[in-house]
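**Q** First the structure, which I've put down as structure tokens, then a few questions once you've had a look.
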Amino acid sequence: MSLDISTLYLVATLLAALLGGMLMYFGRKEGIPALDWWGYAYLLGATVVALWALASPALPDVAGLAINALGFVACGMVWNAARVFHGRAPNWPGLFVGPLAWIATIVSLPSDAIALRMTIGAGIVAIYAVLTAFELGSERRKSMQRRWPAMLVPLLHGGVLMLPILLADLLMTPEQSASGNIWMTIFAVELVLYAVGTVFVIFMLVSDRTVRAHKTAASLDPLTGLFNRRGFSEAAARMIEREANAGRPVSAMIFDIDYFKSVNDRFGHPAGDELLKLFATLVASSLRITDLSGRIGGEEFAALLPCTIEEAMIAAERVRESFENCGIVVDEEAIPTTVSIGVAGGPARTELEVLLAAADTALYQAKRGGRNRVIAATEEPLSLETCRRRLAAAASRGAAAERPSLMPSHPIGAGAIA
């Protein structure tokens, strides 16, 4: 079955234009600038393929040069789309380096150096493809196993977008027509398949980004920006496991803002919200970047530090002093800003629940002692696993102690014999 090359390129052009418009629509609707970049690249690529495949015989050499240059711009736009997708600024000079290099190549090389021209053009496409793959591959939040398909896609994008043009110019002789060249037929079919496959992968990337964003939002407190109870527990479990593997201790803190209810009653909930946000900022700025902090209740916050309890006491005192001296004034009346803090430390693999329970006991002592102070747990908490082992050992010892009392003082039958 023979395939008409003009029809294939017309289908590829219309499909690329349709997918480009769809990408732009979703980019505007979801507020994702990278989709706009990819959409414009598709539309420009569709225009280039249409002009080259359908109208190139009737165009002058200068117009053909401009069409090929626009194809390199499309490759640069794909690279910039990957940059924007990962939150980086577009590289505007780099967008036009490739087209300018192609124009300089055509102007400087003689017209009979077709092979060299095509080699340089393919090299420009390859550079843009490698840059795009590097941008997508530099996403450290994914494993390499999950990243490699996204890295492969831009390499194919650059090749499929430009190689039909380059190979056609290289392989076709003046006597050959586009419809009679098997290479052009193969690449036209590949272009159609690639256009659909690339958009599918793009939407997979966007879907993965959206899922991760929703997961992150579900772990954060919307008012303070710190972890909520769920997010704090999950992050703390990972930290405890990591520190346990290294044999290092961890310490937990519980913060309770003093007289917070009276602030809400006297100044209203907006003032209380501002107080909570201020305290969250002070906690985040007073602790190290490796420490975890979260809001686990109304005016209760918690923190987990990979350090000894002595170091945690110093950090807690730093938070207490910073909050006491922040000086908030509402309606020309100063709001008392004090916090009570309970601190507990434990050996490796001490569970978060155990640490928080011990820190909560210390917090209660701080409240009873007059508030606005830091109190450490008097006893080092044991992990739940250690408690289970000790209870099992105690039960075993108790059973062993009771076992002799169940035996008769004389062998069975001894008294009858006597």
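Rule-based calculations on the coordinates, nothing more; no lab input. Remember, predicted model here, so these are calculated numbers, not experimental data. Don't worry about glycine lacking a Cβ; one is built from the backbone with ideal geometry, like all the others, and counts go over all protein chains shown.
**Q** Mind sorting Ile257, Ile32 by how few other Cβ atoms lie within 10 Å of their own Cβ, fewest first? Don't jump to the answer; show the numbers that get you there.
**A** Numbers: Ile257 22, Ile32 18.
Result, fewest neighbours first: Ile32, Ile257.
**Q** Taking 0.36 nm per intervening residue step and subtracting the Cα-Cα distance, what contour gain separates Ala244 from Ser6 on full extension? Walk me through the numbers on the way to the answer.
**A** Numbers: separation 238, 0.36 × 238 = 85.68 nm, distance 6.58 nm.
Stretched fully, the Ala244-Ser6 segment lengthens by 79.1 nm.
**Q** Ok, one more. If you take the beta carbon distance between Glu310 and Leu70 as r and set R0 to 60 Å, what does 1/(1 + (r/R0)^6) give as a FRET efficiency, to the nearest 0.05?
**A** Working: r = 66 Å, r/R0 = 1.10.
Approximately 0.35, to the nearest 0.05.
**Q** How do Glu333, Glu135 line up, fewest other C-beta atoms within 10 Å first? Let's see the in-between values first.
**A** Values: Glu333 9, Glu135 23.
With the fewest neighbours first, Glu333, Glu135 line up as Glu333, Glu135.
**Q** While we're on this one: Based only on other Cβ atoms within 10 Å, what is the fewest-to-most ordering of Cys307, Cys75?
**A** By the 10 Å Cβ count, ascending, the order reads Cys307, Cys75.
**Q** Can you compute the modelled spin-label distance between Leu278 and Ala63, with each label point 7 Å from Cα toward Cβ, in nm?
**A** Inter-label distance under the simple model: 7.0 nm.
**Q** Now for a different question. Quick check for me: using +1 on Lys/Arg Cβ and -1 on Asp/Glu Cβ, what's the dipole size of segment 229-398 about its Cα centre, in debye to the nearest 20?
**A** Numbers: 21 positive and 25 negative charges, 161 e Å.
Magnitude of the dipole: close to 780 debye.
**Q** Once you have the Cα-Cα distance between Leu193 and Ala101, take 0.36 nm times their residue separation minus that, and quote the gain in nm to one decimal. Mind showing how you got there, number by number?
**A** On the way: separation 92, 0.36 × 92 = 33.12 nm, distance 2.96 nm.
That pair, Leu193 and Ala101, stretches by 30.2 nm at full extension.
**Q** Can I ask one more? Rounded to the nearest 0.05, what FRET efficiency is calculated for Trp92 and Val211 with R0 set to 35 Å and r the Cβ-Cβ distance?
**A** Values: r = 31 Å, r/R0 = 0.90.
Step by step, r from the Cβ atoms, then E = 0.65.
**Q** To continue, here is another question. Which FRET efficiency value, to the nearest 0.05, do you get for Arg371 and Leu116 by plugging their Cβ-Cβ distance into 1/(1 + (r/R0)^6) with R0 = 51 Å?
**A** 0.05
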